[in-house]
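The values are calculated or read from the model by the stated rules, or taken from the named source; none is laboratory data. All values derive from a computational prediction rather than experimental measurement. Ideal geometry is used to build each Cβ from the backbone, glycine not excepted, and the neighbour counts take in all protein chains shown.
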Amino acid sequence: MTILQLGIFALAAIAINRLKRNRELALLAISIFFLFWLQPAQQFVSLVFWIPFATLALIVLLWLLIAAPEARAWKINWQTILVMSAVVLLIDLNQFFGLDQIYMCTTPRLWMLGAALALVFTADIFFWRIQQPKLWLGVFFIGILLIFIYLKTPYLVTESFMLIYALRGTDAPTKIIFTWLGFSYIAFRLLHTIRDFQTGRLPALTLGEYVNYVIFFPTLVAGPIDRAERFVPELRNPVALAEQDWAEAGRRFFIGLFKKFVIADSLALISVNEILIKQVHSSAWLWLFLYMYSLRLYFDFSGYTDVAIGLARILGIRLPENFSAPYLKPNLTQFWNAWHITLTQWFRAYFFNPFTRSLRTKNFSIPIIIFITQLSTMALIGLWHGVAWNFLAWGAWHGLGLFIQNRWSEWMRGKMQTPPSPRRKLIFDSLGIFLTFNFVSLGWLFFTLPTPQSALTAIVKLFGFGL
């Protein structure tokens with residue numbers, strides 16, 4: 001996103017804050033508009049409209065399966081349906097307005113939109129009548145995962161589009177571009193509500209509350225990943241802003257902008273990349289470029305988080321924190337408790353903990369359980385960023401690091417009969433911060449370079465070999 005777009009986000013948040021009535025509907029309309037407005041350009045230009053449309057259709061259909069009976073009544077949802085339909089129609093009518101500079105203008109013909117809406121409404125009626133949604137929830141769960149895997153697998157995207165170009169008898173471009181805005185975060189919110197519905201933890205949500213939760217515009221692109229049971233109460237009763245709250249919201253917003261557009265974008269000029277790895281023949285310079293890349297990632301991602309938290313605070317919603325000085329943690333476990341906190345909490349709640357409980361019933365030894373669960377969890381976190389060998393290697397790097405650190409901590413706990421003195425603790429913590437930061441930084445090579453082989457080559461060069 002650009003500074004201009006984030007500025008428009010801020011103005012929209014302030015405008016909604018000033019409303020005395022229908023704030024939820026206004027937030028819904030703005031979030032839907034931004035969902036379409038931010039969708040990146042595609043090689044098939046009509047997808048700029050149909051991808052956000054598919055997002056809304058998926059959300060509505062899933063809501064019909066998980067909504068409690070008291071939340072499904074027409075009288076409490078008709079305004080939401082009207083607002084959603086009106087915003088989508090307004091966006092489609094831009095083919096007559098031609099406001100290219102304001103929002104996307106590649107829209108379908110009205111009859112195509114009418115046919116799509118009719119199809120969605122027909123599906124709505126079908127899902128409305130389902131009394132036992134267990135089977136269909138499984139279908140949605142698997143379908144969301146398959147969409148996610150497809151989007152995160154460059155080979156699948158390229159091959160599918162190459163096939164389409166071949167069937168159309170046209171030449172394919174040298175690079176295939178297909179982006180589904182925010183699906184990485186949307187998918188996790190949808191999967192979370194499915195699992196919480198199945199376990200009886202999901203609160204009763206109206207259609208407007210559910211759509212607002214899934215596509216809440218401050219968190220649409222870069223999170224954090226909130227929980228419906230935490231988000232919706234504040235959506236219903238926004239936290240009032242005193243003067244100091246406005247100051248705090250503004251501070252977070254502008255600090256986030258400074259982190260992203262001043263610090264992170266400046267560090268990008270001197271961060272490690274594939275070209276630098278090949279051209280630089282000094283291990284000292286390579287270490288410097290690697291450290292700059294580590295800092296760039298932090299300031300870029302935490303900057304967007306600060307912006308999201310500031311915007312949400314203006315709207316009366318307190319989002320969860322996503323970073324807590326991760327590079328100052330003395331071990332890898334604490335690092336992952338402070339880096340992308342909501343992502344690790346999601347995996348801990350919906351994969352790590354259930355998987356650990358399952359393995360314990362099979363009488364595996366504790367070290368084996370820790371090894372399997374930590375390695376598999378971090379591998380999945382790696383694949384969440386992209387289904388590619390480099391991301392899998394990055395996840396395995398951290399999974400193995402967490403296992404080794406866990407075993408070391410257990411061993412040291414048995415050796416140390418008394419707590420260390422403050423001075424020794426300071427020395428241990430300082431050494432731990434140094435080792436953890438360097439371990440994480442080396443891991444970023446797997447993250448940013450295209451193959452594990454190139455990352456290993458870079459690590460060899462960092463230690464003075466192969467220069």
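Between residues in the range 424-437 that are exposed (fewer than 11 other Cβ atoms within 10 Å of the Cβ) and residues that are assigned to a helix (DSSP H, G or I), which pairs lie under 8 Å by C-beta distance while being six or more apart or on different chains?
So the pair list comes out empty.
Has the range 348-371 got at least one residue that is outside the structural domain of Leu191 (by TED's automatic domain parsing), touching a residue at least 24 places away in the same chain (Cβ under 8 Å), among the aliphatic types (A, V, I, L, M) and within 25 Å of Ile194 (Cβ to Cβ)?
There is no residue in the range 348-371 that is outside the structural domain of Leu191 (by TED's automatic domain parsing), touching a residue at least 24 places away in the same chain (Cβ under 8 Å), among the aliphatic types (A, V, I, L, M) and within 25 Å of Ile194 (Cβ to Cβ).
For the condition among the hydroxyl-bearing types (Ser, Thr, Tyr) and in contact with a helix residue (DSSP H, G or I) (Cβ under 7 Å, 6 or more places away or on another chain), what is the one hit in Thr361, Thr418, Thr373, Thr342?
Thr373
Inspect the range 435-450 for any residue being over 27 Å from the mean Cα position of the chain (by Cα), among the small types (Gly, Ala, Ser) and either part of a helix (DSSP H, G or I) or farther than 17 Å from Gly382 by Cβ (or both) and give the result as yes or no.
no
Tell me which residues, restricted to the range 206-229, are under 26 Å from Phe36 (Cα atoms), charged (D, E, K, R) and at pLDDT below 95.
Asp226, Arg227
Here's a check for you: in the range 334-385, which residue that is assigned to a loop (DSSP other than H, G, I, E, B) and aromatic (Phe, Trp, Tyr) is nearest to Leu151 (Cα to Cα)?
Trp339
For residues that are of a type in the set (D, E, K, R) and farther than 23 Å from Arg18 by Cβ, tally how many sit in the range 307-325.
Residues of the range 307-325 of a type in the set (D, E, K, R): 313, 318, 321.
Filter once more, keeping what is farther than 23 Å from Arg18 by Cβ: 321.
The number of residues fulfilling the criteria is 1.
Please go through the range 245-287 and pick out each residue that is at pLDDT below 90 and under 17 Å from Ala13 (Cα atoms).
Selection gives Asp245 alone.
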